[in-house]
Amino acid sequence: VQLQASGGGLVQPGGSLRLSCAASGSIFSINNMGWYRQVPGKQRELVATISSGGRTHYAESVKGRFTISRDNAKNTVDLQMDSLKPEDTAVYYCNIATILSEYYWGQGTLVTVSS
């Protein structure tokens, strides 16, 4: 199983970015999909998750600014990030959890919010 993330980059405060992640390989059945982020010296933290039924969960720090979505037919999960702040700067990782409780991580994509 491979997760390929894309869409990171440099953006000014208040700007937007869209992250995408595609899962490929022998995936039995995906349950939750999500995005996490990590800055040097800190633990990886949850940003947003979405269940197979479309139920979403967001970290308090991104509520109202980020939107997670998924395409079950394509095994993809996206993260639309609006009103970005410097504190959103991090490496973002996509994650999937299968119904067999298997967990997979993408390679990470760097998001830098700076003027």
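Annotations
- Using R0 = 30 Å, the C-beta based FRET efficiency linking Val1 and Lys42 works out to 0.65.
- Largest first and in whole Å, the equivalent-ellipsoid semi-axes of the chain read 24, 14, 13, each the square root of five times a Cα gyration tensor eigenvalue.
- Per atom type, the stretch 5-115 shows carbon and sulfur on 48% of its accessible surface, probed at 1.4 Å.
- Fraction of the pair-distance distribution of the stretch 53-115 above 20 Å, Cα-Cα pairs, percent: 33 percent
- For the stretch 1-102, applying the loop criterion from DSSP together with a ceiling of 12 other beta carbons within 10 Å to the chymotrypsin sites (Phe, Trp or Tyr not before Pro) yields Phe28.
The values are calculated or read from the model by the stated rules, or taken from the named source; none is laboratory data. Bear in mind that the values here come from a model prediction, so they are computed numbers and not experimental data. Positions of Cβ are generated from backbone atoms using ideal geometry, with glycine treated the same way; all protein chains shown enter the neighbour counts. For accessibility, only protein heavy atoms count, side chains too; no ligands or nucleic acids. Shrake-Rupley method; radii C 1.70, N 1.55, O 1.52, S 1.80 Å.
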